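Values quoted throughout were computed directly from the atomic coordinates according to the rules given, and no laboratory measurement underlies them. Owing to the predicted nature of the structure, the values given are computational and were not obtained by experimental measurement. FYI the Cβ positions are ideal-geometry reconstructions off the backbone, even for glycines, and counts take in every protein chain you see.
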Amino acid sequence: MGRGKIEIKKIENVTNRQVTYSKRRTGIMKKANELTVLCDAEVSLVMFSSTGKLSEFCSPSTDTKRIFERYQQVSGIDLWSAQYEKMQNTLSHLKEINRNLRKEIRQRMGEELDGMDIKDLRGLEQNLDDALKEVRQRKYHVISTQTETYKKKLKNSHENHKNLLHQLEMNEEHPMYGFMDDDPNNYEGALALANGASHLYEFRIQPSQPNLHGMGYGSHDLRLA
């Protein structure tokens, strides 16, 4: 029993359409390769699916560019002139924009002002004022940010200073290390150390081992610069 004919019209079901395209694409690629081998023909085949996927075949003895060049020679149709002209127009437009921008930069630097009338000069002045405002706003923002950073650093320094004073007060009552009690200036010296002074301060070491007392080691003073 033979296969029935398929009506040639768009397949509405998306899945069936993709399956049919895949099968027939494989078949036409096979036919193109057979033409190349059997008939020594130069074949170039380019296909795009409905989703935009590219499929192509080109005979091993040539390439797609050479096929297009031969097509132009035989048909007399220039495939690239319209695209080349479009690219030339785009290039000219970009060059004009570049010239205008360079001219505007020179005018903002006070150059090439002779050909400008009063309206153009007022517009330039307004642009400069607007740019100056933007620069000032940015400068004030940077200054404000740096000020907040320095305030945080200063606050941390005060906290560290407070903690150091508290630590020195605790060390005065430590059983092993402490400031000498017989000198009333020692506590003031500790406070001066916390405040960044560079005086000499005395610390007393009190050995807690009895054998150290027996060996004649008493209280020893350590001086720190």
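Of the residues making up region 1-41, those that are closer than 21 Å to T51 by Cβ and charged (D, E, K, R) are K9, K10, E12, R17, K23, R24, R25.
In the set (1) assigned to a helix (DSSP H, G or I); (2) under 45 Å from the mean Cα position of the chain (by Cα); (3) among the acidic types (D, E), E56 fails one condition alone, (1). With the structure loaded, tell me whether R25 is of a type outside the set (G, A, S) and in contact with a helix residue (DSSP H, G or I) (Cβ under 7 Å, 6 or more places away or on another chain) or whether it fails that test. Criteria not met by R25. Within region 50-74, being in contact with a strand residue (DSSP E or B) (Cβ under 7 Å, 6 or more places away or on another chain) and under 30 Å from N16 (Cβ atoms) holds for L54, S55, E56, F57, C58.
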